[in-house]
Amino acid sequence: MQIFNNWNIVAKGWYIACPSNALSNKQAKSVEICGQKIAIFRGEDGKVRALDAYCPHLGTDLGIGHVEGNLIRCAFHHWTFDETGICQNIPCQSAIPQQAKVQAYATEEKYGFIWIYPEAKAPENVADFDELKDKEIIAQADTAFERSCHHHICMMNGIDAQHLKTIHHLDIKMDLSLHRSQLGTQIDFTMQGQFPQTTWRERLGKKFLGSNYEYSMRYADGCIGLLTMMKQVKLFPPLHMLYAYTPIAPGKTRIQPIYVTAKRRGIGGYLLSLFLLLCTRWAYYMLRDEDGKIYDNIRFQPKLLLSIDRPLAQYIEYVNQLEPSRWSVRD
């Protein structure tokens, strides 16, 4: 089964539901993710739960229900469900039918957002940056935007070595190293090379960053991209940003950029963290609009790939071995 660039298949992975601060304690709401209506609610213990939105009784949206303790009560006939989706109470009778349950989903709060996994349990958490693993972080979200193509195609932009020269005018010959995670859900591309001095950007980059340039792209579940820039340079620690991709309709993808850095101690550390987030945003804004029109007007047909396109072929192979989720379209 081809998963890559297939609007009918939603791969198992972590997808953004909403910002964490959009859901208060003992509040419920419904969100649409990958064409699915999901009810999310925060219990009195502060933990977020997620269930299929529609009550199995008559189909009322549980997102307009009431949170009681760590349970959610349907607004219509007051059936009550726990975080596993199993009904715990029906006011009109004591016996609870075995079929009185809804699908539950794993949740995680990270990078300032609530994430949903399309199964009751997730095999791993939302992806980390290696340099920030087990550290306190500061995450800053930018405005989400849409592209008129499948997110698998958008995601390949960071490993398309040709476009560095043709679109961004950076004449850097990049060498590729590749690593796959044990579960096969993550793949890391590291691109490195020496700065030439044929353009003003390259000369400026070499002066301030050193003679070598290196960045990495970590792809998780075919729907999250973690970019690390400024690796092994003279003046900066690495800069990190995350792209969260969600298909919202055939032909439309929502992209949520998030800037991430380590949380540092003291006023000086806090100001340094803010400065690094600003630098990450600046680097992103320098490049983001130069190729946007490409992805809004593309009919992706990889019929003639060159040797320089090897990362693209490897990314397509990686996506096609992911697992389809229950959110995929079934015949």
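Every number in this text was worked out from the coordinates using simple rules, so none of it is lab data. It should be emphasised that the depicted structure is a prediction, and the values quoted were computed from it without experimental measurement. Methodologically, a virtual Cβ is constructed for each residue, glycine included, from the backbone with ideal geometry; neighbour enumeration extends over all protein chains shown.
A few remarks follow.
- Angle between the chain longest axis and helix 200-209 axis [Cα atoms, degrees, rounded to 10]: 80
- Counting Lys and Arg as +1 and Asp and Glu as -1 over every other residue whose Cβ lies under 9 Å from the Cβ of Pro257, the net charge comes to +1.
- Note on Lys37/Trp282: beta-carbon distance plugged into 1/(1 + (r/R0)^6) with R0 of 45 Å gives a FRET efficiency of 0.75.
- Local net charge near Ser216, Cβ-Cβ under 11 Å (Lys/Arg +1, Asp/Glu -1): -2
- Among the listed pairs Lys165/Lys263; Lys252/Lys303; Lys47/Lys263; Lys47/Lys101, those beyond 31 Å (Cα-Cα): Lys165/Lys263
- Protection proxy ranking of 46-59, 213-226 - average other beta-carbon atoms within 10 Å, highest first: 213-226, 46-59
- Net lengthening on full extension, Asn89/Phe275 (0.36 nm per residue, minus Cα-Cα): 61.7 nm
- Highest-first arrangement of 297-309, 273-285, where packing means the average Cβ count within 10 Å: 273-285, 297-309
- In this simple spin-label approximation, Asp45 and Phe145 carry label points 7 Å from Cα along the Cα→Cβ vector, and these lie 4.1 nm apart.
- The three principal axes of the Cα atoms in region 15-117 give end-to-end lengths of 43, 28, 19 Å, sorted in falling order.
- Chain lengthening between Asn297 and Thr199 when straightened (0.36 nm per residue, less Cα-Cα): 32.4 nm
- Separation of alpha-carbon centers, region 217-235 and region 314-331, rounded to whole Å: 23
- Kirkwood-based Rg to Rh ratio, region 1-69, C-alpha trace: 1.06
- Ranked packing of 88-101, 3-16, 257-270, 131-144, most packed first, by mean Cβ within 10 Å: 3-16, 257-270, 131-144, 88-101
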